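The values are calculated or read from the model by the stated rules, or taken from the named source; none is laboratory data. Here the structure is a predicted model, which is why all the values come from computation and not from measurement. Cβ atoms come from the backbone with ideal geometry, glycine included; neighbour counts cover every protein chain shown. Calculation scope for accessible area: heavy atoms of the full protein, side chains included, ligands and nucleic acids excluded. Shrake-Rupley method; radii C 1.70, N 1.55, O 1.52, S 1.80 Å.
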Amino acid sequence: MSILANRKTDDNFEEIPVIDFTDASSSNPVRRMALAERIRDACVNGVLQTNSSGFFFPRLVVKNHGIPEDTIANAVEAGKKFFKLPISSKMDLDIHKAKNYKGYTALLGENTDPTGRGDLHEGFDIGWEERESSRSISKDILSRDDSGMSGTNVWPNLSGFKEPVLSYYHSVVQLGLKLFPILALALDLPENFFEDKTTKPAAIMRLLHYPPQSPSMLDNDGSVIGIGAHTDYECFTILWQDAISALQVKNTQGKWIDAIPIPGTFVLNIGDQLSRWTNDVFKSTIHRAINKSGQERYSMPLFFGVDYDILLKPIPSCISAEMPAKYEVIAAGEYVKRRLEETYTHSTQK
Ligand SMILES: O=C(O)CCC(=O)C(=O)O
Ligand SMILES: [Fe+2]
């Protein structure tokens, strides 16, 4: 009898739970399991708190997780410098030129919510790229089908940019790889369930810049906001946001709950791939961002998917006679690509 399949996601939350992630890298399996249980409770029902959701703040002591404050600050500064470049230099790296969705997204270039008219942010996307200090990946793994999602990154000719951005990317990739085993435990799976499915980190990083949203834009019809209502496409997202509150998460009653920034923490949220693995036991949460602060806002999400050639199949403990499989089986890369195509179609030149 499956334990998980009979759990129901309770999205009727009023606050976003805070979870301490220190034990993610504990050598003590009991501590890792305890953390996994807290995450499961936060994701599937209100055992931890009645107001739980698939969206939570890991309380990360950055120092203890290999992500020093200056690694974050240097990446943020690099992003600010990049976004200040003339639009012509940024458009040289236009994301529409790269089939693997890497490079620059101009203001309104993305339309995350199909009912919107374009997102009021600009962005810069990269994927996995080896560094001298990173583990090298075997040719066998590199040659596997990735639905065209891997491929090379594009970089601006801007000194002091690539190194801090890649340094942050690799630090957060290490953290993300520690979370997969915890999530596996939370799903009553062997701790190494995701190990052979995350051999080449299918992790996309974005630098995002949200200009202040003018009140008139909001008064119109609300169809242009920082990032329209959406779910993320991968298993989970680790998001750094600055001190400006703009991110909101939707509960089942349709109420938008502020994900107020907490210094020294990342927002960690569940994405669609995990909904598919778990047949919605872990449900990806709808979120959006509106920058009403009058100031520039910056954020840096890293989206962690499974290898692009892995099929997203429901895990057996998440299906039952009452909860039959909900989703078609699809390769992770194809799924991500499909969602990206939808997001960028409106700004693709015909
Ligand atoms: O900037 C944020 O706070 C959210 C970004 C986001 O949701 C995304 O890039 O998918
Ligand atoms: Fe998102």
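A few remarks follow.
- Count - residues of region 238-266 that are more than 10 Å from ligand 1 (Cβ to nearest atom) and open to solvent by 30 Å² or more (accessible area, probe 1.4 Å): 12
- Selection count where residues are at pLDDT below 75, exposed (fewer than 15 other Cβ atoms within 10 Å of the Cβ) and not acidic (Asp, Glu), scope region 216-232: 4
- Contact map, region 245-259: first residue closer than 20 Å to residue 294 by Cβ, second residue at pLDDT below 85 and of a type in the set (Gly, Ala, Ser), Cβ cut-off under 7 Å, separation 6 or more or different chains; pairs are 247/259; 248/259.
- Of all the listed residues (320, 293, 284), the sole one being surrounded by fewer than 19 Cβ atoms within 10 Å (Cβ to Cβ), in a loop (DSSP other than H, G, I, E, B) and within 16 Å of ligand 1 (Cβ to nearest atom) is 293.
- All positions within region 194-215 that are open to solvent by 40 Å² or more (accessible area, probe 1.4 Å), modelled with pLDDT of 90 or more and either in a helix (DSSP H, G or I) or under 20 Å from residue 311 (Cβ atoms) (or both): 195, 196
- Test: residue in region 70-90 that is without any contact (Cβ under 8 Å) to a residue 40 or more places away in the chain, surrounded by fewer than 20 Cβ atoms within 10 Å (Cβ to Cβ) and more than 26 Å from residue 214 (Cα to Cα): yes
- Residue match in region 272-291 (condition: farther than 26 Å from residue 328 by Cα and of a type in the set (A, V, I, L, M, F, W, C)): yes
Here is a yes/no grid of residues against (1) of a type in the set (Phe, Trp, Tyr); (2) more than 13 Å from ligand 1 (Cβ to nearest atom); (3) open to solvent by less than 20 Å² (accessible area, probe 1.4 Å); (4) modelled with pLDDT under 70:
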residue	(1), (2), (3), (4)
103	no, yes, yes, no
120	no, no, yes, no
131	no, yes, no, no
135	no, yes, no, yes
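- From the list 284, 347, the one residue that fits, being within 14 Å of ligand 2 (Cβ to nearest atom) and hydroxyl-bearing (Ser, Thr, Tyr), is 284.
- Residue ID - farthest from ligand 2 (Cβ to nearest atom), chosen from residues in region 227-248 that are out of contact with any helix residue (DSSP H, G or I) (no Cβ under 9 Å at 6 or more places or on another chain) and farther than 21 Å from residue 336 by Cα: 243
- In region 326-350, the residues that are aromatic (Phe, Trp, Tyr) form Cβ pairs under 7 Å with partners that are open to solvent by 60 Å² or more (accessible area, probe 1.4 Å), at six or more places apart or across chains, as follows: 344/96.
- Filtered residue count, region 271-281, keeping only those that are away from ligand 1 (no atom under 14 Å from the Cβ), in a loop (DSSP other than H, G, I, E, B) and either in contact with a Ser or Thr (Cβ under 8 Å, 6 or more places away or on another chain) or within 17 Å of residue 112 (Cβ to Cβ) (or both): 2
- Per the conditions (1) modelled with pLDDT of 90 or more; (2) surrounded by fewer than 22 Cβ atoms within 10 Å (Cβ to Cβ), the sole criterion not satisfied by residue 235 is (2).
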